[in-house]
Each structure stands twice: as C-alpha cells, then as structure tokens.
Amino acid sequence: MNINNLGILICLYTGIRIGEICSLKWKDIDFINNTISIKRTSQRIRNINSNTSKKTKIIVTTPKSISSIRTIPVGTSILNYLKEYYIDKDCYILTSSNKPKDTRVYEKYFERVLIKSNLKKINFHSLRHTFATRCIESGIDVKSLSEILGHSNYSVTLNIYVHSSINQKRRSIDKMIEYVNDI
C-alpha cells in the first residue's frame with residue numbers, strides 16, 4: 001500500500017470525486033469521529049496569465065455546490081491505513097506538501113494501476129459509480145447516499161449513479177410475487 005493507492009481506496013469507499021481526493025488535507029480527517037470532511041476541490045484550468053508559458057494551472061476552490069461541502073463517515077480500516085501516512089495537518093494527503101495532487105497526473109496513475117492489475121480500463125469517476133451502486137445493493141437509503149455523494153437532490157443519485165442489475169430486478173419481482181401470494 002502507498003498513499004496514492006490509499007487515495008483510490010478512499011474514493012472507492014466514500015464516493016468522493018477525483019478533485020476532492022486530490023485537494024484533501026490531513027485536517028479534513030477526523031480520526032476520533034471517523035469522518036472525512038469535503039471542503040475543497042481541485043481542477044486544472046486554462047492559464048490566462050500571459051506572463052507564463054504554462055497553458056494550464058491547478059486551482060483549489062470550494063466544491064461546486066453547497067451540498068458538495070459535506071462530512072462522510074469512514075470505516076476504521078481506511079482510517080487505520082491513513083494514520084500510517086499522517087504528516088502534518090496542513091499538508092495535502094496525496095502529496096504530503098502544501099500543493100494539491102494534479103488530477104490529470106492522478107488519473108494517469110490510476111490507469112497504470114489498472115493495467116498493472118490486469119483490470120479493464122475505466123475512468124476514475126467509475127469508482128464513484130461503483131460506490132453508489134454497492135451502497136444501494138447493501139441497503140443504504142437513497143437520501144443518506146445522496147448526502148454522502150454531495151447531491152442536492154436524491155433523484156440525481158438515482159438517475160446517474162444507481163444502476164439496477166438483473167439480479168436486483170429478479171429479487172424485486174420475487175418479493176412482489178411473494179407479497180401477492182400472501183394476500
């Protein structure tokens with residue numbers, strides 16, 4: 001395990017976005033209450049400063065909406081891994097410095113991990129989809145999941161991130177048949 005792999009694991013177990021993990025600081029982790037607070041996001045944007053030759057730059061801003069600023073419960077196993085890497089509360093977790101991880105660099109790292117693991121190529125955002133789908137499959141209520149994902153409306157969660165499987169459909173039909181037979 002290294003800090004970059006741990007970042008991927010955090011995203012898989014919390015549903016946070018790539019810009020949110022890249023701008024996560026140690027002070028956002030509450031080891032006592034087992035939570036992660038999402039207060040900022042990073043992104044690469046076009047550099048309009050004519051005094052530099054760099055075409056793009058990384059900025060850290062507040063998340064795109066009020067509901068994206070949130071506190072997410074985290075399992076103790078993830079927090080135990082995090083404790084091994086703790087440096088300084090003001091540092092970004094993935095860089096151990098005062099600069100956030102470049103989202104484009106992190107996406108490329110993720111692609112290399114997939115190749116090395118002989119897994120099919122997916123984009124980083126698929127971790128968020130997987131998290132949401134697994135939460136629904138395990139019985140979490142949609143309202144709670146919507147808040148964890150930082151959506152302002154639970155219908156966004158249902159429409160974008162939750163994909164029913166044939167097994168879920170079969171279980172639903174079986175429940176309905178059982179209900180009708182009991183009438």
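The values are calculated or read from the model by the stated rules, or taken from the named source; none is laboratory data. Model, not experiment: these values are computed from the prediction. Note: ideal-geometry Cβ built from the backbone for every residue, glycine included; neighbour counts use all protein chains shown.
Quick test for you: out of I10, I38, I48, pick the one residue that is more than 21 Å from S146 (Cα to Cα) and aliphatic (A, V, I, L, M). Working first, answer last.
Details: I10 fails: more than 21 Å from S146 (Cα to Cα); I38 fails: more than 21 Å from S146 (Cα to Cα).
Only one candidate qualifies: I48.
I'd like to know if segment 118-133 contains one or more residues that are assigned to a loop (DSSP other than H, G, I, E, B) and either touching a Cys at 6+ places or on another chain (Cβ under 7 Å) or modelled with pLDDT under 85 (or both). No, there is no match, as no residue in segment 118-133 is assigned to a loop (DSSP other than H, G, I, E, B) and either touching a Cys at 6+ places or on another chain (Cβ under 7 Å) or modelled with pLDDT under 85 (or both).
Within segment 137-161, the residues that satisfy the criterion of being among the hydroxyl-bearing types (S, T, Y) and surrounded by fewer than 20 Cβ atoms within 10 Å (Cβ to Cβ) are S138, S144, S152, Y154, S155. Annotation: of all residues in segment 34-51 being of a type in the set (V, I, T) and closer than 20 Å to N98 by Cβ, the one that is surrounded by the fewest Cβ atoms within 10 Å (Cβ to Cβ) is I45.
Here is a yes/no grid of residues against (1) surrounded by fewer than 12 Cβ atoms within 10 Å (Cβ to Cβ); (2) touching a Leu at 6+ places or on another chain (Cβ under 8 Å):
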{"residue": "I59", "(1), (2)": "no, no"}
{"residue": "S67", "(1), (2)": "no, no"}
{"residue": "Y86", "(1), (2)": "no, no"}
{"residue": "D90", "(1), (2)": "yes, no"}
{"residue": "E111", "(1), (2)": "no, no"}
{"residue": "L127", "(1), (2)": "no, yes"}
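Any residue at all in segment 44-51 that is aliphatic (A, V, I, L, M) and in contact (Cβ under 8 Å) with a residue 60 or more places away in the chain? The answer is no, given that none of the residues of segment 44-51 is aliphatic (A, V, I, L, M) and in contact (Cβ under 8 Å) with a residue 60 or more places away in the chain.
Please determine whether any residue of segment 77-88 is at pLDDT 90 or above and among the small types (G, A, S). Yes, the conditions are met somewhere in segment 77-88.
Select from segment 17-58 the residues that are among the hydroxyl-bearing types (S, T, Y) and under 16 Å from C91 (Cβ atoms) and list them in ascending order. Of everything in segment 17-58, those that are among the hydroxyl-bearing types (S, T, Y) and under 16 Å from C91 (Cβ atoms) turn out to be S23, S37, S42. Taken over segment 57-75, the residue count meeting the criterion of being under 21 Å from N4 (Cβ atoms) and polar (S, T, N, Q) is 0.
Among the residues of segment 50-78, those identified as over 15 Å from the mean Cα position of the chain (by Cα) and among the aliphatic types (A, V, I, L, M) are I58, I59, V60, I66. Contact annotation: no residue pair with Cβ atoms under 6 Å, 6 or more positions apart or on different chains, pairs a residue in segment 133-147 that is over 13 Å from T14 (Cα atoms) with a partner that is among the acidic types (D, E) and surrounded by fewer than 16 Cβ atoms within 10 Å (Cβ to Cβ).
Scanning segment 23-49 for residues that are in a loop (DSSP other than H, G, I, E, B), of a type outside the set (F, W, Y) and either at pLDDT 95 or above or within 14 Å of the chain's Cα centre (by Cα) (or both) yields a total of 7. Scanning segment 134-158 for residues that are touching a Lys or Arg at 6+ places or on another chain (Cβ under 8 Å) and part of a helix (DSSP H, G or I), we see that the one that is farthest from I38 (Cα to Cα) is Y154.
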